[in-house]
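Beneath this line is the structure, given in structure tokens, with notes to follow.
The values are calculated or read from the model by the stated rules, or taken from the named source; none is laboratory data. The model shown is predicted, which means the values in this text are computed figures rather than measured ones. Please note: Cβ atoms are built from the backbone with ideal geometry, for glycine as well, and neighbour counts cover all protein chains shown. Remember, those area values only see protein heavy atoms, side chains included, never the ligands or the DNA or RNA. Shrake-Rupley method; radii C 1.70, N 1.55, O 1.52, S 1.80 Å.
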Amino acid sequence: MLPVLKKSLRDSRGLHLWLVIGLGAYTLLIMSFYPTIVEQSEEIDKLIDSMPDQFIAMFVGDDLTDISVSDPGIFLNGRFVIWTMLILGAVGINQAFSAVTNAERDGTLDFMLSLPVSRRSYLVGRMINTAITMLIVLTSSLLILLLAREIWPEFDIAVDKLALAVYGMFLVVIVIAAVAYLLAALLPASRNFGGAMAYLFMMGSYLVYSLSETVEGLDKVQPFLIFHYYNASRVVRDGAEVGNWLLLAALALVCFGVAWWAIDRKDLAV
């Protein structure tokens, strides 16, 4: 497993670098607008008051009835956290199918399994690589946000709450990656819809959850959507949501566990 992990980390260095640079630049860019939002918060809040609550909730991911748009937790969730989760979710899906399905098709998996490496050890090494990738990017994002906190004092979030809000994203993106690894382990390489199913799971969960904030009756499906169990503005306001996070962690472990079991029984194209 360790050789597989070392090779995967080495091959992912470019990905890590560009994710850190890209998200870092994006974070600093959006944070540069925050002081202006604070200065104009009264006018913006009046404009928001004239709009339907459901419309606003769909875009900021929270209820603004008793909270200003300049609230740092609301800003962090709507402008940074949602997009970061979607980007890292896509990265996790790509890594999962590159590890199994694409590796079957291009013969890489054939070469790897010709070495004294079992299928399950190979899969675990690639799974750990994905988890490390997420943690590297989230850690760099936290450092950038801490820097932004010093540059723009208006962004006043306690360091511990900020860390919880950033690292809390890990559980959502690792569930998305786990579902992708599960599909890659279960579906034959000849099938071309595994990736589409993984992206549908991620984007469908996000879009349906967003619509559930605006369409009466859809709120009943929220407990079945992963984005229901994490909201950065709630974390900043109320602290860690231990029950929700344990549920996400359990779901990820189940998906990874089934993938680990299935890979040994899969008819690999090698």
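Two decimals is fine: what is log10 I(q)/I(0) at q = 0.09 Å⁻¹ for the chain, from a Debye sum with one equal scatterer on every Cα and no solvent?
-0.46
Quick one: which of 196-205, 108-117 comes out on top by average Cβ neighbours within 10 Å, and what's the full order, highest first? Display every interim value, and only then the final one.
Numbers: 196-205: 16.8, 108-117: 13.2.
Going by the mean number of other Cβ atoms within 10 Å, highest first, we get 196-205, 108-117.
Along the charge dipole of the range 96-240, pointing to its positive end and built from +1/-1 on Cβ of Lys, Arg, Asp and Glu, which listed residue (114, 159, 169) has its Cα farthest out?
My answer, from the dipole projection, is 114.
Quick check: from the Cα gyration tensor, does the range 116-270 come out rounded (a/c under 1.5), prolate or oblate? Spell out each step's value before the answer.
Values: a/c = 2.48, a/b = 1.51, b/c = 1.65.
It is oblate, given that a/c is not under 1.5 and a/b is not larger than b/c.
Return the calculated 222 nm mean residue ellipticity for the chain, to the nearest 500 deg cm²/dmol, obtained by summing -39500 (n - 2.57) across DSSP H runs with n ≥ 4 and dividing by the residue count. Provide the component values of the computation, followed by the final result.
Values: 15 runs with 196 residues, N = 270.
Value at 222 nm, helices only: -23000 deg cm²/dmol.
So which DSSP H runs in the chain come out at 30 Å plus along the axis (Cα) with average Kyte-Doolittle of at least -1.0?
On the way: long enough: 119-151 (48 Å, 1.14); 242-263 (31 Å, 1.97).
For the chain, where a helix must reach 30 Å along its axis and average at least -1.0, the hits are 119-151, 242-263.
Have a look at 212, 70, 190 and tell me which one the Gaussian network model of the chain (Cα, springs below 10 Å) gives the largest fluctuation.
Comparing 212, 70, 190 in the GNM, the peak value goes to 190.
Taking only protein heavy atoms and a 1.4 Å probe, what accessible area per residue, in Å², does the range 139-217 have with all protein chains in place?
Here the per-residue accessible area is 44 Å².
Classify the range 185-248 as rounded, prolate or oblate from the Cα gyration tensor: take a ≥ b ≥ c as the square roots of its eigenvalues, call it rounded if a/c is under 1.5, otherwise prolate when a/b beats b/c and oblate if not.
Oblate shape, in that a/c is at least 1.5 and b/c is the bigger or equal ratio.
Go through 143-149, 95-101 and give me the packing order, highest mean Cβ count within 10 Å leading. Could the numbers behind the result be given before it?
Values: 143-149: 17.3, 95-101: 24.3.
Final packing ranking: 95-101, 143-149.
What is the extension gain from residue 242 to residue 264, computed as 0.36 nm multiplied by their sequence separation minus the C-alpha to C-alpha distance, in nm to one decimal? Walk me through the numbers before you get to the answer.
Details: separation 22, 0.36 × 22 = 7.92 nm, distance 3.38 nm.
In short, 4.5 nm is gained.
Mind telling me which of 25, 259, 163 comes out most flexible in a GNM of the chain, alpha-carbon contacts under 10 Å?
25
Determine the gain in length on full extension of the stretch residue 25-residue 222; use 0.36 nm per residue of separation and subtract their C-alpha separation, reporting nm with one decimal.
That pair, residue 25 and residue 222, stretches by 67.6 nm at full extension.
Let me spell out the model: positive unit charges on the Cβ of Lys and Arg, negative unit charges on the Cβ of Asp and Glu, origin at the Cα centre of the range 200-255. What dipole size does that give, in debye rounded to 20? Display every interim value, and only then the final one.
Values: 3 positive and 5 negative charges, 24 e Å.
For this selection, approximately 120 debye.
Quote the charge dipole size of the range 115-165 about the Cα centre in Debye, to the nearest 20; the model charges only the Cβ of Lys and Arg (+1) and of Asp and Glu (-1).
On the way: 5 positive and 4 negative charges, 118 e Å.
For this selection, approximately 560 debye.
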